[in-house]
1. Return the residues of segment 280-318 that are touching a Ser or Thr at 6+ places or on another chain (Cβ under 9 Å) and among the small types (Gly, Ala, Ser); say none if nothing qualifies.
2. So, in segment 54-87, how many residues would count as being more than 16 Å from residue 132 (Cα to Cα) and open to solvent by less than 40 Å² (accessible area, probe 1.4 Å)?
3. Inside segment 88-104, can you point out the residues that are open to solvent by 40 Å² or more (accessible area, probe 1.4 Å), farther than 10 Å from residue 143 by Cβ and among the charged types (D, E, K, R)?
4. Which of the residues belonging to segment 14-29 are under 11 Å from residue 250 (Cβ atoms) and either surrounded by 16 or more Cβ atoms within 10 Å (Cβ to Cβ) or at pLDDT below 85 (or both)?
5. Among residues belonging to segment 253-272 that are of a type outside the set (S, T, N, Q) and assigned to a loop (DSSP other than H, G, I, E, B), point out the one that is most open to solvent (accessible area, probe 1.4 Å).
6. Between residues in segment 183-204 that are farther than 30 Å from residue 283 by Cα and residues that are assigned to a strand (DSSP E or B) and open to solvent by 20 Å² or more (accessible area, probe 1.4 Å), which pairs lie under 7 Å by C-beta distance while being six or more apart or on different chains?
7. Which condition from (1) at pLDDT below 85; (2) over 30 Å from residue 305 (Cα atoms) is the one that residue 65 breaks?
8. I'd like to know if segment 244-252 contains one or more residues that are surrounded by fewer than 16 Cβ atoms within 10 Å (Cβ to Cβ), touching a His at 6+ places or on another chain (Cβ under 7 Å) and in contact (Cβ under 8 Å) with a residue 12 or more places away in the chain.
Amino acid sequence: MPRDLTPSTIENTFVLKALTERIRLDSRSFNQLRDLDISFSSTEYGVVDVKLGRTRVIARISAEITQPYTDRPYDGLFIISTEISPMAAPTFEAGRKSEDELVISRIIEKSIRRSGALDTESLCIISGEKCWAVRADVHFLDHDGGLMDAACIAVSAGLLHFRRPDITIEGVGSRREVIVHPITERVPVPLAVLHVPVCVTFSFFDVRKASSAISGRTRKDEAKDVDEDDVEEEEEEEEDDSSVAVLVDATLQEELLRHGYMSVTANTNREICQIQKGGDMPVDVGVLLSCSEAAIMVAEKVTKLINKRLKEDEARRNVGNLLVEARAENDR
């Protein structure tokens with residue numbers, strides 16, 4: 001049986017008391033990400049290792065030739081597979097998907113595949129007969145919060161880094177044959193990535209509820225101390241934005257204590273790809289808009305880091321390659 005990750009009462013009280021004083025245990029501000037490290041494999045295209053703080057996710061992109069769906073003869077296939085083993089956290093069980101894993105896989109599916117990040121029409125080889133099937137395998141190695149964010153970054157970076165083999169179609173009609181050229185024979189072809197979705201998760205904490213939990217008093221006890229005339233004024237204060245603490249990129253300990261969360265996927269085109277909210281805590285419209293704007297800023301920052309790491313990997317691969325400087329045009 002998997003063991004639930006349940007923090008102790010002392011940890012609960014300490015973390016919630018720190019949040020009421022606008023302090024996080026890792027000394028970050030409420031809107032600050034953890035250190036993000038993206039590295040690519042030096043031997044294979046499409047293998048990405050993402051470290052978001054102590055959270056670690058590895059994504060591997062692969063492609064093979066298969067037959068397209070009958071209702072979409074001009075589109076290729078794009079499949080995302082996630083696997084969370086007990087190595088990531090003891091709360092997960094091997095060979096059995098938990099509720100958290102289902103939520104993570106659905107959010108990644110909506111963020112990348114359903115948002116049209118990959119142009120599936122470019123994967124078509126022969127209409128109705130052959131196409132490329134691109135598969136993204138996501139493996140979670142360490143879980144310290146932010147699994148959805150790290151997985152989305154890993155898959156997006158993997159799609160940009162992946163190169164499929166070049167092909168040639170020979171023959172006419174029913175005798176057409178697809179020849180796959182190895183990388184040593186022809187330069188591999190990158191995928192047609194239309195945009196880079198980045199998932200950002202916001203954790204919500206009810207500061208007044210946390211203060212009541214710390215003091216050991218319930219709302220009924222607090223209501224006895226106030227007059228009936230002060231009840232309406234207290235409710236108006238509870239609806240104020242200052243009573244809601246919004247944390248970006250929460251750690252595992254903060255995720256276990258949060259009262260609600262919202263996952264926002266955005267790109268550098270200032271487009272919102274998906275929004276999913278969980279928990280029983282209501283969120284004001286102003287908080288929703290501010291979180292969406294913050295997600296766009298995070299997406300721009302993460303995309304710049306991905307492009308920087310891609311250029312560094314390309315420069316490392318092209319060391320000693322004279323064909324990089326080859327040109328077909330003449331100097332004028």
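1. First, the residues of segment 280-318 that are touching a Ser or Thr at 6+ places or on another chain (Cβ under 9 Å): 295-296, 299-300, 302-304, 306, 309, 313, 316-317.
Listed by number, the residues that qualify are 295, 299.
2. Summing the residues that are more than 16 Å from residue 132 (Cα to Cα) and open to solvent by less than 40 Å² (accessible area, probe 1.4 Å) in segment 54-87 gives 7.
3. If we filter segment 88-104 for residues that are open to solvent by 40 Å² or more (accessible area, probe 1.4 Å), which is where we start, we get 90, 93-97, 99-100, 102.
Okay, now just the ones that are also farther than 10 Å from residue 143 by Cβ, so 93-97, 99, 102.
Correct list: 93, 96, 97, 99.
4. Answer for segment 14-29, where residues must be under 11 Å from residue 250 (Cβ atoms) and either surrounded by 16 or more Cβ atoms within 10 Å (Cβ to Cβ) or at pLDDT below 85 (or both): 15, 19, 24, 28.
5. Kept after step one, since they are of a type outside the set (S, T, N, Q), are these residues of segment 253-272: 254-262, 264, 266, 270-272.
Among the residues that remain, those that are also assigned to a loop (DSSP other than H, G, I, E, B) are: 258-259, 270-271.
Working: 258: 53, 259: 36, 270: 124, 271: 91 Å².
Filtering first and then ranking leaves 270.
6. 188/163; 188/164; 189/163; 189/164; 190/163; 191/164
7. All conditions are met except number (1).
8. The answer is no; no qualifying residue exists.
The values are calculated or read from the model by the stated rules, or taken from the named source; none is laboratory data. Small disclaimer: the values here were computed from a predicted structure and weren't measured. FYI the Cβ positions are ideal-geometry reconstructions off the backbone, even for glycines, and counts take in every protein chain you see. Ligands, DNA and RNA are stripped out before the accessible areas are found, and what is left, the full protein with its side chains, is counted by its heavy atoms. Shrake-Rupley method; radii C 1.70, N 1.55, O 1.52, S 1.80 Å.
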